[in-house]
Each structure stands twice: as C-alpha cells, then as structure tokens.
Amino acid sequence: MPYLLYQHEIARTLELVGLIGAQPPSWQPSFAVLEQDRVEAAAVLPDLRAPYAVLHPGASEESRHWPADRFVQVGNALAAQGWQIVVTGVEYEHALVERIAAELEHPAIPAVGRLSIGGLAALLKDAALVVSNDTGPMHLTNAVGTPNVAIFWCGNYMNWAHFNRRGHRPLRSWTVICPLCGADMTPDEKPDTGCDHNACFVDGVTVEQVLTEAFDLLAYHAALPASAANRT
C-alpha cells in the first residue's frame, strides 16, 4: 500500500490492517481511566476543584505552538466564567507553563511533568474542557471523551484531527509559506521545498475562534445527560 502524505493516520492504519481482513470495532480511539489514575491525580494536585478547564500550550515542535499570550486570553475568558484553570506540560515546557499560569488574571494550577500517562488521563477526563495544541495530550483528551478545542496547522489537520465534532473541535491555520524564509511547506506538491525553521505556523487561528468553539462545547455538553456526554 503506498504511503501518501495527506491521509488521516487512523484511516491509513485501518486500511492497512484491513488488507489482511481485520475489522475495526470503532474508528474512535479510547483510553480507560482507572481509579488508581484518579487517586494519583488527586494526590499530585490536591488543590484541584471542579469545574476546571485545562490548557496545554506546548508541543514538540515550535511550529505547532499557538502563541502563549493567546492561551492567556483564553484562560482569562474561561476563568471569568467560573472555571478553574490548569496548565499542563512536560518537564522541558516548565518555563512556558509557569509563564502562562503567572500571567493569568485568576489563580491557576501548573502541572508540569508530575503525572503519569494514567494520572494525566484522569485529569483530562474530569475536565470540563481542554484547549490544546496538536500534540499527544490532545489525542489523549479525545480518547477519554473530554470536550476539546485543538489548534492545527492545516497539513497536520488532514492527517491527525479526529473524526467526531460533538466533542472535538479542530481549528486550522492555513499558513503554508514559512514566514522566515518563504519556503513552501506543502511537500506533496513541491517535494524539494521546505525548511527546518521553528517559526509559528498556527497563528492564523484567533482567540475569538477558540472561544467560540469552547463556549459552544461547554453549553452543548452541559445540556446533555451525563450518560450521553460521556459517549462523545
């Protein structure tokens, strides 16, 4: 089976295993949260109180980092409506997480490198909302069924955005030209172009877009019975 760049990775993998007759039970990834995961999250974050929202401002590549000041604006808007804010990240993102937590107008809880995957899943599972760059915790958020707004570069959106829209609202930045050198970052059309610059490619997504989707998700899920909301 040929590897063509712009195909959703879940569809690509299922198509591949389908060649030997495997049939998927679901196209929606899932991750089970255990009681021990919730115990861990509660022990590591004793000041955490519901309802809360999670901001995840990091990613392994700078090109996928939505500007930090925009995460601050989103956090302030959510906190003004009564949600406690938790800012998550891995250890090397400590400075970024602390900066955002410090700049928020309301007290926030920074959670950097302190939780296992299970503990992080429990934190994300019990959140009212997660706002994240396109990175691992975003996929974990969707797998535990928590409403989320995700910020994507357009090329990554085609490969990685999840299929559901009741709980997953991907927003796309259509920047395809490097702002530093002018390289075209669409390799399927021009395979010899591109660059290694760490310029931001996702600042085409606005704060207003994120907040529109965030408040729509919060209103929608508040109106759903708990059993239905847990299935999104």
### Query
Tally time: how many residues in segment 24-41 are modelled with pLDDT under 95 and either out of contact with any helix residue (DSSP H, G or I) (no Cβ under 7 Å at 6 or more places or on another chain) or in a helix (DSSP H, G or I) (or both)?
3
### Summary
Output for Cβ contacts, cut-off 6 Å, separation at least six or different chains, first residue over 17 Å from LEU124 (Cα atoms) in segment 140-166, second among the charged types (D, E, K, R), reads PHE152/ASP134; PHE152/ARG172; CYS154/ARG172; ASN156/ASP134; TYR157/ARG172; ASN159/GLU9
### Task
Can you tell me which residue within segment 155-179, out of those that are in a strand (DSSP E or B) and either over 13 Å from the mean Cα position of the chain (by Cα) or among the small types (Gly, Ala, Ser) (or both), is surrounded by the most Cβ atoms within 10 Å (Cβ to Cβ)?
SER173
### Task
Filter segment 115-139 for residues that are touching a residue at least 40 places away in the same chain (Cβ under 8 Å), under 8 Å from the mean Cα position of the chain (by Cα) and over 19 Å from GLN209 (Cβ atoms) and give the result.
PRO137, HIS139
### Condition check for VAL87: among the hydrophobic types (A, V, I, L, M, F, W, C) and closer than 18 Å to LEU171 by Cβ
no
### Task
Mind telling me which of the residues VAL149, VAL112, VAL97, VAL90 ends up being in contact with a Leu (Cβ under 8 Å, 6 or more places away or on another chain) and among the β-branched types (Val, Ile, Thr)?
VAL149
## Note on the structure
Within segment 66-101, residues of a type outside the set (A, V, I, L, M, F, W, C), more than 19 Å from ASP203 (Cα to Cα) and not in a helix (DSSP H, G or I) come out as GLN81, GLY82, GLN84, THR88, GLY89
### Query
In the list GLU103, GLU62, GLU15, which residue meets the criterion of being acidic (Asp, Glu) and closer than 24 Å to PHE163 by Cβ?
GLU15
## Note on the structure
Only unsatisfied item for ILE85, checking (1) aliphatic (A, V, I, L, M); (2) in contact with an Asp or Glu (Cβ under 9 Å, 6 or more places away or on another chain); (3) surrounded by 12 or more Cβ atoms within 10 Å (Cβ to Cβ); (4) closer than 22 Å to ILE117 by Cα, is (2)
### Task
Report yes if VAL97 is in contact with a Pro (Cβ under 6 Å, 6 or more places away or on another chain), of a type outside the set (Ser, Thr, Tyr) and farther than 20 Å from GLU213 by Cβ, otherwise no.
yes
### Query
What are the residue pairs meeting all of these: first residue in segment 1-27, first residue within 28 Å of THR186 (Cβ to Cβ), second residue of a type in the set (A, V, I, L, M) and surrounded by fewer than 12 Cβ atoms within 10 Å (Cβ to Cβ), Cβ atoms under 6 Å, and 6 or more apart or on different chains?
LEU16/MET1
### Message
Could you go through segment 129-137 and let me know if any residue there is small (Gly, Ala, Ser), over 12 Å from VAL54 (Cβ atoms), touching a helix residue (DSSP H, G or I) at 6+ places or on another chain (Cβ under 6 Å) and crowded, with 19+ Cβ neighbours inside 10 Å.
### Response
no
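The values are calculated or read from the model by the stated rules, or taken from the named source; none is laboratory data. Everything numeric here is computed off the predicted structure, so don't read it as measured data. All Cβ positions, glycine included, derive from the backbone under ideal geometry; neighbour counts span all protein chains shown.
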